Amino acid sequence: MTETRPTPRGTSASRHAGSRGACERIEAAALALFAERPAEQVRLNEIAAAAGASLATIYRHYDDKQALLEVCLLRWADTLANRMLEHLQAVHTYRERLHKTFWVVLDFFETYPEVAAMLLSSVYPQAMRRHTTDTQKHLTRLLTGVLADGQAAGLLNQRVSESVLLDYFYGVLARLVQMQPLRHGEPRLTDQHEELFDMLWRALAEPDRGV
């Protein structure tokens, strides 16, 4: 009868922790390089060297460079979505909910400018639409509901759908965030958020109700 050697206690957890640590280093290195230049100009062996990992380790966790880019994007998008949901819990009026969301996004990208740089240099709209997490879907439903309720209350433009209003809202935010690294982060968007949001609110509001 063949003897089965017992697995040492904690071995599986240690391997899991080691894999998680390797992924964190790889994704941090990838983020830094994707922020510097377009993804197609970044080689996987550069990422491996920056992360102190082997190519074999990268391929063990990611199918290819595009998969690694999308994982980086999804992790940061999920972090942002969670932060937005957390801040929205204590806000009740339509205007203030949108204003709080607007500020949280600006603050997030000022805190993590490398993520904004990655979005500008390496992420294309089709890549952002391919995958979404449950948290991101929940946030989209919540904000779409806020916009629909604002329309029903006569505060927001009723001539377009709530989905178009959401696209408009995110479109303005995306442009501000993506252009900020090119302006070297000055002046800070969070320092101007009151005026910037007021301009956006006027664009979304039902005529004669936005002032």
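Just one of the listed residues (V42, V71) is β-branched (V, I, T), crowded, with 16+ Cβ neighbours inside 10 Å, assigned by TED's automatic domain parsing to the domain that holds T140 and farther than 30 Å from L156 by Cβ, and it is V71. Against the list (1) part of a helix (DSSP H, G or I); (2) more than 22 Å from T135 (Cβ to Cβ); (3) among the small types (G, A, S); (4) modelled with pLDDT of 85 or more, the condition A30 fails is (2). Applying the criterion of being of a type in the set (V, I, T) and not in a helix (DSSP H, G or I) to the residues of segment 158-211, the residue that is surrounded by the fewest Cβ atoms within 10 Å (Cβ to Cβ) is V211.
Taking the criterion of being hydrophobic (A, V, I, L, M, F, W, C), at pLDDT 90 or above, surrounded by fewer than 13 Cβ atoms within 10 Å (Cβ to Cβ) and part of a helix (DSSP H, G or I), would at least one residue in segment 149-157 satisfy it? Yes, because at least one residue in segment 149-157 is hydrophobic (A, V, I, L, M, F, W, C), at pLDDT 90 or above, surrounded by fewer than 13 Cβ atoms within 10 Å (Cβ to Cβ) and part of a helix (DSSP H, G or I). Note on segment 48-68: residues that are on the phi > 0 side of the Ramachandran plot and buried (at least 18 other Cβ atoms within 10 Å of the Cβ) amount to 0.
The values are calculated or read from the model by the stated rules, or taken from the named source; none is laboratory data. Quantities reported herein were computed from a predicted structural model and do not represent experimental measurements. Every residue, glycine among them, receives a Cβ derived from its backbone with ideal geometry; neighbour counts consider all protein chains shown.
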